[in-house]
Amino acid sequence: MVQFLVTAVAFFTKCLFFLFLFMWVRWTLPRFRYDQLMALGWKVFIPMGLAYVLFVAVAVWVVDGPLGVTSVAARSGLLFLFNVPVLVLVFRVLDRGRLIRGSSIRPPCPPRGARGRPEGSIMAIGVKVMHRPGSEASYVRATLKGMALTFRHLFRPKITMQYPEERSTETWTISPRWRGTHRMLTDEQGRSKCVACGLCPQICPANCIKLVPGEDEHGNRYPLIYEIDEFRCVFCGYCQEVCPEEAIHVGVHYENAEYERGRFVYDLERLSAQTHPVSSLWDPTDPRGE
C-alpha cells in the first residue's frame with residue numbers, strides 16, 4: 001500500500017510539473033501558434049522521445065547484462081552517466097539551431113558599395129539592413145532567459161483593478177498613445193473640420209473608411225457621408241497622420257463593444273459625438289518618436 005501511494009504521488013507530481021512547465025513555456029513564448037507547437041512536437045519532440053526510449057533500453061540492457069550491476073545506487077549512477085552525453089548532445093544541437101531553424105539563418109549578403117547598399121543597386125538612398133546572428137544564435141539560452149524572467153514575475157506584486165468602477169491606479173493608466181475608437185473634431189460652430197479631401201480613405205490599409213464628398217454654395221467641401229467600420233479597422237493611425245485639417249483622430253478609448261456588427265460602423269454624427277481624448281500617436285518628449 002505504501003509503495004502504491006508513493007508511486008501515485010510521484011506520478012501526479014510529475015504530471016503537475018509538466019503541466020506547469022507547458023504553461024510556463026506558453027507564458028514565455030505567447031506568439032507560438034498552435035500549428036507551430038504541433039509541428040515542433042511531431043517533427044522534433046516525438047522523434048527525440050522515441051530515440052531516447054531506444055537509448056534507455058540499450059543502456060538498461062548493458063547495465064543489467066554485460067556489466068551485471070545489481071546495486072540500485074550503482075545502477076542509477078551508471079544510467080545517469082549514460083544520460084549526460086545525450087543531454088550535452090541535445091543541448092548543442094538545439095543551441096546551434098540545427099533542429100529549430102528560424103529567421104536568423106539567412107543566405108550571405110551580396111557585396112555592398114561605399115554607401116552601404118548592394119553593388120549595382122539603383123536605390124536612391126542607402127538602406128541599413130540589420131541581420132540577426134546565425135551560427136552564434138542560441139535558442140536554448142534565449143528561451144531559458146525568457147523563462148527566468150517569466151518566473152520572476154510570478155512573485156512580483158500584482159495590480160488588480162476593480163473594473164469598471166476603477167479604470168486607473170496611481171501606478172497604471174492607459175497610455176496617451178493608445179489608438180482606439182475614432183473621433184471627428186468639430187469647429188466652434190459644431191461643424192466637422194473634415195474638408196473631404198479623400199486622403200484618409202486613400203491611405204487606409206484596411207479600406208474601412210467610406211467618404212462621399214460634397215460642396216456648399218460657397219464652394220467649401222464637406223463630407224456628405226463619412227463612415228468608419230471600427231470592426232474592420234486595424235487602428236494604425238494613418239488617417240490621423242495624413243489629415244491636413246487634424247479632423248479625424250484615433251482616440252484614447254476602448255469601450256466600444258456592441259451586440260450587433262452593424263453598430264461598429266460609425267457615421268459622421270456618431271464620430272462627432274465622441275468626447276474621449278484623442279491619441280498623441282507618439283511621445284512628444286522623445287524626438288525619435290516622430
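The values are calculated or read from the model by the stated rules, or taken from the named source; none is laboratory data. Everything quoted here is computed from the prediction, not taken from an experiment. For neighbour counting, all protein chains shown are included, and Cβ atoms are generated from backbone atoms with ideal geometry for every residue, glycine included.
A few comments on the model shown:
- Among residues of the stretch 208-224 being of a type outside the set (D, E, K, R) and closer than 14 Å to ILE248 by Cα, the one that is nearest to the chain's Cα centre (by Cα) is CYS208.
- Annotation note: of VAL56, VAL44, VAL69, the sole residue that is without any contact (Cβ under 8 Å) to a residue 60 or more places away in the chain, over 19 Å from THR143 (Cβ atoms) and outside any loop (DSSP other than H, G, I, E, B) is VAL56.
- Total residues in the stretch 256-285, condition in contact (Cβ under 8 Å) with a residue 40 or more places away in the chain, under 18 Å from ASN207 (Cβ atoms) and surrounded by fewer than 17 Cβ atoms within 10 Å (Cβ to Cβ): 1
- Residues in the stretch 171-207 that are of a type in the set (Ser, Thr, Tyr) and in a loop (DSSP other than H, G, I, E, B) were compared, and the one that is nearest to the chain's Cα centre (by Cα) is SER175.
- Tally, over the stretch 244-255, of residues that are buried (at least 16 other Cβ atoms within 10 Å of the Cβ), part of a loop (DSSP other than H, G, I, E, B) and out of contact with any Leu (no Cβ under 6 Å at 6 or more places or on another chain): 2
- Filter pass, GLY262 being more than 26 Å from GLU166 (Cα to Cα) and part of a helix (DSSP H, G or I): yes
- Meets criteria (touching a residue at least 12 places away in the same chain (Cβ under 8 Å) and within 14 Å of ARG179 (Cα to Cα)) for GLY198: no
- Qualifying positions in the stretch 2-43 - of a type in the set (Ser, Thr, Tyr) and closer than 17 Å to LEU144 by Cα: THR28
- Counting the residues of the stretch 19-38 that are part of a helix (DSSP H, G or I), surrounded by 10 or more Cβ atoms within 10 Å (Cβ to Cβ) and either of a type outside the set (Phe, Trp, Tyr) or without any contact (Cβ under 8 Å) to a residue 24 or more places away in the chain (or both) gives 11.
- Restricting attention to the stretch 203-221, the residues being over 15 Å from LEU271 (Cα atoms) and either touching a helix residue (DSSP H, G or I) at 6+ places or on another chain (Cβ under 8 Å) or of a type in the set (Ser, Thr, Tyr) (or both) number 4.
- From the list LYS210, LYS193, the lone residue that is touching a Leu at 6+ places or on another chain (Cβ under 6 Å), at pLDDT 90 or above and of a type in the set (D, E, K, R) is LYS193.
- Residue count for the stretch 208-243, restricted to those that are in contact (Cβ under 8 Å) with a residue 40 or more places away in the chain, acidic (Asp, Glu) and either farther than 16 Å from MET184 by Cβ or assigned to a loop (DSSP other than H, G, I, E, B) (or both): 1
- Test: LEU81 is surrounded by 10 or more Cβ atoms within 10 Å (Cβ to Cβ), part of a loop (DSSP other than H, G, I, E, B) and at pLDDT 80 or above: no
- Residue in the stretch 265-272 that is assigned to a loop (DSSP other than H, G, I, E, B) and among the hydroxyl-bearing types (Ser, Thr, Tyr) present: no
- In the stretch 213-234, the residues that are modelled with pLDDT of 95 or more and of a type in the set (Phe, Trp, Tyr): TYR226
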